[in-house]
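Enquirer: My questions will all concern the structure given below.
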Amino acid sequence: MENKYMKRLLLMEAFIAISISLMAGEPSKPYKNPVVNYSLPDPTVIEAEDGYFYLYATEDIRNLPIHRSKDLVNWESVGTAFTTETRPTFEPKGNLWAPDINKIGDKYVLYYSMSRWGGEWTCGIGVATANCPAGPFKDHGMMFRSNEIGVQNSIDPFYIEDNGRKYLFWGSFRGIYGVELKEDGLAVKLGAEKKQIAGTAYEGTYIHKRNGYYYMFASTGTCCEGLKSTYQTVVGRSKSLWGPYLNKQGKTMLENNHEVLISKNKSFVGTGHNAELVTDKAGNDWILYHGVSVANPHGRVLLLDRVNWKKGWPIVKNNSASTEAKKPKL
């Protein structure tokens, strides 16, 4: 009886050990692009304390859509950042474009563009805050307009903290600029001067710090012409937040030089305007961005791909969107 008991105990321990091992080393299941097959352009993403990633996008869904996910693959809608009553109003008949979400102190801070097609001198950037990522967001109004700050087409904001200071970068095909913000991030710092860091080929910038370099991700080409869209994601790098940002040949982004990261293929075109990079538990980096699906060319769908690093530069397999790949380990 004792031998039988010991055998059962050993078998049970072995079963538990194998189960733990399989769970720890379970291979990632595949996912298919797009991860959202309806229009969610110009995504921005943040990981919240509740274990979800929250994603915000240009308002092809009215009042600026919010989605959440635990694995970056399966997304659900959780509402909008604004309502008809709380919607920003500083640009009459304007739309809400290209948001950027951040956590500053104990607040979720959402920068947004407000513009209408052709209104390149009246558009501007505003800011709203919330206590939790799903909102409700309180609008604090306009931070600046194109004609006030002297930068045509002042849209596509991006926030970054560096060496204890807070900055906002922005711009769309009229130069990429940056300026220092106040401590709360809600306004431009008094006396701060804007500085241009990239040329007129770019919009939708995002700066990522890694191993002593600042990587500027940006988009070039046309975003919104359906299957004729030429949008693509590009990158340059610098040893300083303020540049110069260079390509592999040492040529500057101020003169519109860069490396191509993601371009079109047979399944997706117009692949650009990426969100913040997300690092999974295995240490792999992932990039969310939009594109036009050849199979469903209605709006700009949400795409996800892994970013690898080679000799200090980011690369995406085949320099284009995958149709199927292994899921992040989250």
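Enquirer: Ignoring everything except DSSP H segments at least 4 long, calculate the 222 nm mean residue ellipticity for the chain; use -39,500 (n - 2.57) per segment, divide by total residues, nearest 500.
Expert: Here the helix-only value at 222 nm equals -2500 deg cm²/dmol.
Enquirer: Which pairs break 26 Å Cα to Cα here: Lys228/Lys317; Lys281/Lys310; Lys70/Lys195; Lys209/Lys317? Each step should come with its number before you reach the end.
Expert: Details: Lys228/Lys317 23 Å; Lys281/Lys310 20 Å; Lys70/Lys195 38 Å; Lys209/Lys317 21 Å.
Lys70/Lys195, as the Cα separations exceed 26 Å there.
Enquirer: Another question about this same structure. Could you state the per residue volume, in Å³, of the convex hull enclosing the Cα atoms of region 195-243? Don't skip to the end; give the middle numbers.
Expert: On the way: hull volume 3.5 nm³, N = 49.
Roughly 71 Å³ of hull volume per residue.
Enquirer: Scattering from the C-alpha atoms of the chain alone, worked out with Debye: what is log10 I(q)/I(0) at q = 0.07, 0.10, 0.12 1/Å?
Expert: Here log10 of I(q) over I(0) equals -0.30, -0.57, -0.80.
Enquirer: In debye, nearest 20: dipole of the chain around its Cα centre with unit charges on the Cβ of K, R (+) and D, E (-)? Mind showing how you got there, number by number?
Expert: On the way: 40 positive and 34 negative charges, 203 e Å.
It comes to approximately 980 debye.
Enquirer: Name the shape class, rounded, prolate or oblate, that the alpha-carbon gyration tensor gives for region 167-220, where a ≥ b ≥ c are the square roots of its eigenvalues, rounded holds for a/c under 1.5, and otherwise prolate holds if a/b is larger than b/c and oblate otherwise.
Expert: Oblate is the answer for region 167-220, as a/c is 1.5 or above yet b/c matches or exceeds a/b.
Enquirer: Could you look at the chain and say what percent of its accessible area is carbon and sulfur, using a 1.4 Å probe and all protein chains?
Expert: Roughly 51 percent, rounded to a whole number.
Enquirer: On to the next question. Roll a 1.4 Å probe over the protein chains and send me the accessible area per residue for region 183-330 in Å².
Expert: Accessible surface, normalised per residue, equals 46 Å².
Enquirer: Shape call for region 132-189 from the C-alpha gyration tensor, a ≥ b ≥ c root eigenvalues: rounded (a/c under 1.5), prolate (a/b greater than b/c) or oblate?
Expert: Because a/c hits 1.5 or more and a/b fails to exceed b/c, region 132-189 counts as oblate.
Enquirer: Here's something else I'd like to know. What order do you get for 100-107, 158-165 when each peptide is scored by the mean count of other beta carbon atoms within 10 Å, highest first?
Expert: The densest-packed peptide leads the list: 100-107, 158-165.
Enquirer: When we measure straight from the Cα of Lys327, which aspartates and glutamates land under 15 angstrom away, once same-chain ones fewer than 8 places off are left out?
Expert: Those aspartates and glutamates meeting the cut-off are Glu26, Asp71, Asp280, Asp285, Asp305.
Enquirer: Another question about this same structure. May I ask for the net charge around Lys189, where only other residues with Cβ less than 9 Å from the Cβ of Lys189 are counted and Lys, Arg are +1 while Asp, Glu are -1? Kindly include the intermediate steps, with their values, before the conclusion.
Expert: On the way: positive: Arg165, Lys166, Lys182; negative: Glu180, Glu183.
That works out to +1.
Enquirer: Using only Cα atoms, tell me the angle between helix 2-24 and the longest principal axis of the chain; keep it within 0 to 90° and round to the nearest 10.
Expert: 20
Enquirer: A follow-up question, please. Under the classification rounded if a/c is under 1.5, otherwise prolate if a/b is larger than b/c and oblate if not, where does region 60-118 fall, given a ≥ b ≥ c as square roots of the Cα gyration tensor eigenvalues?
Expert: prolate
Enquirer: What are the extents of the Cα atoms of region 74-188 along their three principal axes, in Å, largest first?
Expert: 38, 34, 28
Enquirer: In whole angstrom, how far apart do the alpha carbon centroids of region 196-266 and region 47-64 sit?
Expert: Taking the Cα centre of each part, region 196-266 and region 47-64 sit 24 Å apart.
The values are calculated or read from the model by the stated rules, or taken from the named source; none is laboratory data. On a predicted model such as this, the values are computed, not experimentally measured, just so you know. So basically every Cβ, Gly included, is an ideal-geometry build from the backbone, and we count neighbours across all protein chains shown. We work out accessible area using only protein heavy atoms, side chains counted, and drop any ligands, DNA or RNA first. Shrake-Rupley method; radii C 1.70, N 1.55, O 1.52, S 1.80 Å.
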